[in-house]
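Enquirer: Structure below; questions to follow.
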Amino acid sequence: MHQRFIGKNVLVTGASAGIGEAIAIRFAQEGASVAINYSRNDAGGASTARQVRQAHAEGGFDGASVFIHKADVSDEPSVKGMFESVLGEWGRLDVMINNAGIQKPAPSDESLTQDFDRILGVNLRGCYMCSREAIKHFLTRPGGGVIVNNSSVHEIIPKPQYLPYSVSKGGMENLTKTLALEYADRGIRVNAVGPGAIVTPINMSWINDPAAKKVVESHIPMGRAGDSEEIAAVFAFLASDDASYITGQTLFACGGLTLFPEFRTTWSS
Ligand code: NAD
């Protein structure tokens with residue numbers, strides 16, 4: 001394991017489960033202090049914190065710390081409170097990971113405006129507000145900072161029946177690029193990871209159903225769903241100095257899903 005984040009402070013939103021949990025642990029394994037955010041799942045938040053502590057202990061990172069800040073990233077006062085708390089605790093933030101995300105299926109013609117607002121509120125508005133607060137802080141000190149957003153293959157692949165989700169991830173691409181361009185000259189890098197189908201609680205509809213999982217995996221060129229740890233590794237790369245010349249990009253980690261899998265075999269000349 002690399003040790004690229006010794007002495008660095010990282011805030012991960014949505015870290016009580018799934019990919020966010022794996023990201024928090026990965027950064028801890030590389031020596032970072034980690035702030036764990038989530039909205040509801042107290043047991044999940046506590047479990048991530050335990051695993052982060054364990055990673056610190058196993059790595060011998062005596063100076064590294066962990067703390068939990070429960071907050072809804074779609075709510076502006078809660079986001080401001082979270083930054084006050086993080087900066088009050090550490091005085092400095094180096095890496096912002098915008099991972100919190102939700103989805104809800106519905107035929108678009110029957111979908112509810114309140115669900116559209118809620119999903120955009122968490123996935124996109126939350127990312128915007130956390131990025132803005134992080135950048136405000138990055139600009140107060142030399143050295144800049146790094147933001148990595150959790151997008152999706154649905155940043156570029158439409159997702160019927162998940163219109164608000166697709167729209168939120170499409171918006172995230174432009175948010176990532178716009179912030180990257182706006183702050184590139186001030187040492188701030190902004191990138192995104194675009195996961196494909198990953199085994200996490202958000203995919204409850206198929207992860208524990210072998211037949212449904214087989215159908216999902218039949219569409220993936222590499223023939224399998226991904227693990228949260230494989231996605232966390234991409235976050236760590238983009239946040240590290242190994243990616244020091246990369247900004248404004250989405251790195252898809254999707255087993256080939258963005259490669260137009262329907263064209264695997266020749267069906268037209
Ligand atoms: P998950 O449901 O396992 O975890 C979601 C996390 O977000 C939880 O910790 C939850 O507490 C948190 N969260 C939800 N609403 C929140 C809010 N308002 N404020 C703060 N935290 C909130 O989901 P996951 O699969 O780990 O997804 C994480 C991210 O990865 C999402 O942005 C999702 O769109 C993206 N993603 C997931 C997949 C996949 O296949 N699992 C694929 C592409 C992208």
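Enquirer: Size of the dipole of the chain about the Cα centre, Lys and Arg at +1 and Asp and Glu at -1 on the beta carbon, nothing else charged, in debye to 20?
Expert: 160
Enquirer: Report the local net charge at Val146: Lys and Arg +1, Asp and Glu -1, summed over other residues whose C-beta lies under 10 Å from its C-beta. If you can, show how the numbers build up before the last one.
Expert: On the way: positive: Lys8, Arg189; negative: Asp94, Asp241.
Charge balance in the 10 Å sphere: 0.
Enquirer: Could you sort 125-137, 237-249 so that the peptide with the highest average Cβ count within 10 Å comes first and the rest follow in order?
Expert: Descending packing order for the listed peptides: 125-137, 237-249.
Enquirer: I would also like to ask the following. Quick one: net charge around Ala192, please, counting Lys, Arg +1 and Asp, Glu -1 for every other residue with C-beta under 10 Å from its C-beta. It would help to have the intermediate numbers written out before the result.
Expert: Numbers: positive: Lys169, Lys177; negative: Glu155, Glu173.
Net charge around Ala192: 0.
Enquirer: Evaluate the relative contact order of region 9-257 (contact order divided by residue number), counting alpha-carbon pairs under 8 angstrom at least 6 apart; express in whole percent.
Expert: After rounding, I find 20 percent.
Enquirer: Let me ask something additional. Among all lysine pairs in region 9-257 that are eight or more places apart or on different chains, how many have alpha carbons less than 20 angstrom apart?
Expert: 10
Enquirer: Which order, highest average first, do 20-26, 155-161, 142-148 follow once you tally other Cβ atoms within 10 Å for each residue and take the mean per peptide? Could the numbers behind the result be given before it?
Expert: Details: 20-26: 27.6, 155-161: 14.7, 142-148: 19.3.
Going by the mean number of other Cβ atoms within 10 Å, highest first, we get 20-26, 142-148, 155-161.
Enquirer: Could you give the distance between the Cα centres of region 206-269 and region 1-57, to the whole Å?
Expert: One Cα centre to the other: 23 Å.
Enquirer: Here is a further query. For region 9-257, what is the convex hull (Cα atoms) projected area averaged across all directions, in square nanometres?
Expert: Computing the convex hull of the Cα atoms and averaging its projections yields 13.2 nm².
Enquirer: Just to confirm a number: summing +1 for Lys and Arg and -1 for Asp and Glu over residues other than Gln29 whose beta-carbon lies under 11 angstrom from that of Gln29, what do you get?
Expert: That works out to -1.
Enquirer: Next question. Relative to the first principal axis of the alpha-carbon coordinates of the chain, what is the inclination of helix 228-239, with its axis defined by its Cα atoms, in degrees from 0 to 90 and to the nearest 10?
Expert: Here the helix axis deviates by roughly 50 degrees.
Enquirer: How do 199-210, 7-18, 170-181 rank on mean C-beta neighbours within 10 Å, highest first?
Expert: Ranked from most to least packed, the peptides come out as 7-18, 170-181, 199-210.
No value in this document is a laboratory result; all are computed from the given coordinates. Quick caveat, the model's predicted, so the values are computed rather than measured. Note that we place each Cβ from the backbone using ideal geometry, even for glycine, and neighbour counts take in every protein chain shown.
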